[in-house]
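The values are calculated or read from the model by the stated rules, or taken from the named source; none is laboratory data. Computed from a predicted structure; not experimentally measured. For neighbour counting, all protein chains shown are included, and Cβ atoms are generated from backbone atoms with ideal geometry for every residue, glycine included.
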Amino acid sequence: MFDGRLIFRCSRCKVCAIVPQQPSADEAYLDFLDKYESGGAASADDLRLLMEQEKIVRPKKEIDAFLKSAKAEGDPLLEGIMRSEQDFIVDLRTMEEPPPEYGSPVEGLPVDPAISQVLAGKGIEKLYKFQEDAVKKILQGRDVVVTAPTASGKTEAFCIPVLEKIGEVILRDGPLRKDKGVIRAIFVYPTKALSRDQLPKIRELAEPLGVRAAVLDGDTPDAERSRFLEHLPDILVTNFDVLHYHMMHRTTFSRSLHTARFLIVDEAHVYTGVFGANVHHIIKRLERLAGTMQIVAASATLPNAGEFCRVLFGRKMEVVQGRGRRGRIHLAIIFPSLRSRRSLTMDLVKASAEEKHRTIAFSGSHLGAELTAFYAARQGVSIRVHRAGLTAKARAEVEAMFKSGQLSAISATPTLELGLDIGDVDAIVSNIVPVNRLVQRIGRAARRGQQGYAFLALGNDPISQYYKSHPDDYLSDQEHAYTDPENPFVMEYQVLAMACDRAISMAESKPVWDTLQKLVSKGMITSANNRFSADLRRAREYLKEYSIRGIGSRVDIKLAGKIVGDRSLPQALEELHSNAVYFLAGRRYRVKELHFEKNRQPFAELEVLPGDYPYYTKALTDEWPSIIEVYERKKVFGIEVAYCSLKIDKKVLGYANIEIGQEVAQGKKVLFEKPLEFEFMTKGFVFRAPHPLGESSKADDEEYVQMSGFHASEHVVIEGSAMITGGASQDLGGISLGSSGLIFVYDGSVGGNGASKALYDRLDRAFGRALSILSECPCRSESGCPRCTYSYRCGNNNEYLHKPAAIEVMRRIAGGEATEIGEEIAGERALV
């Protein structure tokens, strides 16, 4: 069972029983015999009733009530899924958007009649109320963020007023540079694929008005690029990578950006963490060259959209919120009691495909997406993988195959949360994500008004266990987007790029003075005549390998000498060490060799594994934190907590083989003769947890109980906080230092990404949630289980965990026991 207990059923004796987890199957069987002989076993015919009493499955009458309430009786897909004997149905509800609120007729909009005629030609008689509100605010010159689900009409909300304002500028400026054209507005999308997907929609509105729109990005052919520069469009459609590159290289194209007066940023919720910090500075650099622009952003629904966009854009943004439009959708939340989440996901994808429902299955990681496709294909499902790390050509092929009906399902990472047009979708299967991201994913389904389905597959993790008992909390725990523009590593690269754009005057230097001095000391920038100028050759070489989407070096992935993908450090060391099993586009490969030497671009050579190879690998890691600078301190209950800059020394010591389908380690751990080493700077927080003296005093090895209790506490504080922080746990790392009680939680990106600050700001709630998860999990194992103390990211293979000690630690925290951080203790074992 999910919590380690076992179900025994004897068909000969016609008895059954549920017994606690034991160290071995023999001991569990003896437990069963004791129950049988003492009369504690139930009749085999009562197994279903016993499972209902233990909340392994829902009572049938409750399932009937769910289906009746949802008006889904007789629905072949839901009937089969809801009556599973392996899962607990947490909730079933029907999501129906209320009728959209309409605004004025398009003829009454304060825009050029030609725009109204274009809208009427598209069959739009009235805008939605939120669209009209956005149009009016943007026309008034305000900086606006429009938040609404996928396919709800955000494009019209920002296109209409921007086209009107471009028309006004053209009328005012007359034939200025008529032969060459002038860029008046920049529309930015997070991916090249999305830019090209949205261009026809923009042109449909713009071209009847004589306004030209064109894409320029890294995939634009040379001939098309030349035509673009010869006659510039009114609207440039691009991405921030292109703006960053051309500004710092002072290209002809970069000079054409100086006339832009409007910056439109679609899918703004994507720009979190390190990516968002870079985007913040790129916008500042753009406005430094072009002057202050009016900024309009469009975003998925966020509870903190105004605050997040204020940080991202560096100014106050007015929020206009809209609702989506779609068909009726049944949302089922399902907990896998007698199997793994992956097995549940497979059945959901297969069942949807068998009922001819076109399906997207979302996973939280590229490995998860690959495994879903791998298993589903074995079940006969026509499915392909869509994720970052694949080539643009490979992703476009998957999109086209799904849109044309050649595929019945796609296994995706969050790449498909964006508004790419991939055709009709009927069903969504999702891993656990914050509810507003789930709604964003659900926005993919039932766009034609057809019946839609959404399945939230809970899993083997603490937060899933919590939501099994508290489903209403899931529906209220929303994602808070975060980013940190003050990331010192981002600032170093971006200030250097700023100096490449144009020399920095003394008047401009104050906000970035410390960073400038660091760059001067490195010889990248020189100071003379009250100006800071970049050594362009050295600076551009230094910036050459820098990616605004993630700081630090990457490891290229090669197959037969050809680059087929890449992974960023430090994560790459865990996934691409020698002999690691790596999933790529639904197939498995072994890393033949990792080339990781100084002053060389690192790369991993892959070789194909046979299709029946039974394992994949999980790295064994070791980390050591050092506090560099404390930014702030506070008390949470009685615990002193410090938010600080940290240096993390990371080592990959070896790996364990994980059996596919069983998801457990097999055989001995493999340890490297020479560990892989990498150090990086980041941000995080530290606190000293109170000692579990009650539990440790009962043990023969007190130190083991204490260190294992702290390690388990670190796991559950991070894993259990995911929804409180909006899914930030996936961007975090954690270290507990032996029996000292010191627990470090840090950003998993070089330089930081803002995730640890999001948790630091909500740590009181995280502590409370951690105690609930530990206390409510029914497992009796001393080490806990995947639903309470385990972490799939654990670098110690989920060893050194002690659930009772962790419960005592969290109870002492909740009770107000006071601790101070004190000093780090050398020689303690770091558990990650």
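Being aliphatic (A, V, I, L, M) and touching a residue at least 12 places away in the same chain (Cβ under 8 Å) is the requirement here; does A70 meet it?
yes
Screening the stretch 236-260 for residues that are surrounded by fewer than 18 Cβ atoms within 10 Å (Cβ to Cβ) and of a type in the set (D, E, K, R) and picking the one that is farthest from A534 (Cα to Cα) gives R255. Of all residues in the stretch 424-450, those satisfying the criterion of being farther than 16 Å from Y474 by Cβ and modelled with pLDDT under 80 are G443, R444, A445, A446, R447, R448, G449, Q450. Restricting attention to the stretch 80-95, the residues being in contact with a Pro (Cβ under 9 Å, 6 or more places away or on another chain) and among the aliphatic types (A, V, I, L, M) number 1.
For every residue, the table says whether it meets (1) in contact with a strand residue (DSSP E or B) (Cβ under 8 Å, 6 or more places away or on another chain); (2) in a strand (DSSP E or B); (3) surrounded by 20 or more Cβ atoms within 10 Å (Cβ to Cβ).
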| position | (1), (2), (3) |
| --- | --- |
| E399 | yes, no, yes |
| F402 | yes, no, yes |
| Q406 | no, no, no |
| I410 | yes, yes, yes |
| I422 | yes, no, yes |
| V429 | yes, yes, yes |
| R437 | no, no, yes |
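Taking the stretch 33-53, which residues are in a helix (DSSP H, G or I) and over 20 Å from L338 (Cα atoms)?
Matches in the stretch 33-53: L33, D34, K35, Y36, E37.
Residue pairs whose Cβ atoms lie under 9 Å apart, separated by 6 or more positions or on different chains, with the first residue in the stretch 225-238 and more than 23 Å from E164 (Cβ to Cβ) and the second among the aromatic types (F, W, Y) and in a helix (DSSP H, G or I), are R225/F253; F228/F253; L229/F253.
From the residues in the stretch 61-105 that are basic (K, R) and in a loop (DSSP other than H, G, I, E, B), which one is nearest to the chain's Cα centre (by Cα)? Across the stretch 61-105, the extreme among qualifying residues is R83.
Evaluating L30 against the criteria (1) assigned by TED's automatic domain parsing to the domain that holds P149; (2) exposed (fewer than 14 other Cβ atoms within 10 Å of the Cβ); (3) part of a helix (DSSP H, G or I) leaves one unmet condition, (1).
The single condition from (1) touching a Pro at 6+ places or on another chain (Cβ under 8 Å); (2) at pLDDT 90 or above; (3) among the hydrophobic types (A, V, I, L, M, F, W, C) that V555 fails is (2). In this structure, does A805 turn out to be in contact (Cβ under 8 Å) with a residue 12 or more places away in the chain and more than 22 Å from P625 (Cα to Cα)? When the stated conditions are applied, A805 passes them.
Going through (1) under 16 Å from S736 (Cα atoms); (2) in a strand (DSSP E or B); (3) touching a Gly at 6+ places or on another chain (Cβ under 6 Å) one by one, M707 falls short only on (2). Under the condition of being closer than 12 Å to R812 by Cα and under 29 Å from the mean Cα position of the chain (by Cα), the residues counted in the stretch 690-711 number 0. Based on this model, can you work out whether A277 counts as assigned to a helix (DSSP H, G or I), touching a helix residue (DSSP H, G or I) at 6+ places or on another chain (Cβ under 8 Å) and not basic (K, R)? Against the criterion (assigned to a helix (DSSP H, G or I), touching a helix residue (DSSP H, G or I) at 6+ places or on another chain (Cβ under 8 Å) and not basic (K, R)), A277 qualifies. Annotation note: of I333, I283, the sole residue that is β-branched (V, I, T), modelled with pLDDT of 95 or more, surrounded by 21 or more Cβ atoms within 10 Å (Cβ to Cβ) and part of a strand (DSSP E or B) is I333.
Restricting the stretch 621-636 to residues that are within 14 Å of I648 (Cβ to Cβ) and aliphatic (A, V, I, L, M), the residue that is surrounded by the fewest Cβ atoms within 10 Å (Cβ to Cβ) is I628. Here the stretch 501-519 is the region considered, the condition is being free of Cβ contacts under 8 Å to residues at least 24 places away in the same chain and among the polar types (S, T, N, Q), and the residue that is surrounded by the most Cβ atoms within 10 Å (Cβ to Cβ) is S509. Just one of the listed residues (A560, A534, A572) is over 25 Å from S749 (Cα atoms) and crowded, with 18+ Cβ neighbours inside 10 Å, namely A534.
Could you look through the stretch 451-499, keep only residues that are among the charged types (D, E, K, R) and over 30 Å from Y245 (Cβ atoms), and pick out the one that is surrounded by the fewest Cβ atoms within 10 Å (Cβ to Cβ)?
Result: D472.
Only one of V630, V652 is part of a strand (DSSP E or B) and either within 25 Å of the chain's Cα centre (by Cα) or not β-branched (V, I, T) (or both); which?
Numbers: V630 fails: either within 25 Å of the chain's Cα centre (by Cα) or not β-branched (V, I, T) (or both).
Only one candidate passes the filter, namely V652.
Each residue in the stretch 520-543 was checked for being farther than 13 Å from V495 by Cβ and in contact (Cβ under 8 Å) with a residue 12 or more places away in the chain, and 7 pass.
Just one of the numbered conditions (1) modelled with pLDDT under 90; (2) of a type in the set (D, E); (3) not in a helix (DSSP H, G or I) is not true of D217: (1). How many of the residues making up the stretch 337-383 are in contact (Cβ under 8 Å) with a residue 24 or more places away in the chain, over 20 Å from R787 (Cβ atoms), of a type in the set (K, R) and assigned to a helix (DSSP H, G or I)? The number of residues fulfilling the criteria is 1. Scanning the stretch 384-396 for residues that are in contact (Cβ under 8 Å) with a residue 12 or more places away in the chain and either small (G, A, S) or in a helix (DSSP H, G or I) (or both), we see that the one that is surrounded by the fewest Cβ atoms within 10 Å (Cβ to Cβ) is A392.
The selection criterion, being touching a helix residue (DSSP H, G or I) at 6+ places or on another chain (Cβ under 7 Å) and of a type in the set (A, V, I, L, M), holds for I428.
Here is a yes/no grid of residues against (1) touching a His at 6+ places or on another chain (Cβ under 9 Å); (2) within 15 Å of Q465 (Cα to Cα):
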| position | (1), (2) |
| --- | --- |
| V750 | no, no |
| L759 | no, no |
| R762 | yes, no |
| L771 | no, yes |
| R780 | no, yes |
| R787 | no, yes |
| S791 | yes, yes |
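Within the set F680, F685, the sole residue that is surrounded by 18 or more Cβ atoms within 10 Å (Cβ to Cβ) and out of contact with any Gly (no Cβ under 9 Å at 6 or more places or on another chain) turns out to be F685. Of the strands (runs of 3 or more DSSP E) lying entirely inside the stretch 527-612, those carrying at least 1 residues that are within 16 Å of V652 (Cα to Cα) are 554-559, 562-568, 581-584, 587-595, 603-608. Screening D761 against (1) on the phi > 0 side of the Ramachandran plot; (2) free of Cβ contacts under 8 Å to residues at least 12 places away in the same chain leaves a single unmet condition, (1). Only one of the numbered conditions (1) crowded, with 23+ Cβ neighbours inside 10 Å; (2) over 23 Å from S749 (Cα atoms) is violated by L229, and that is (1).
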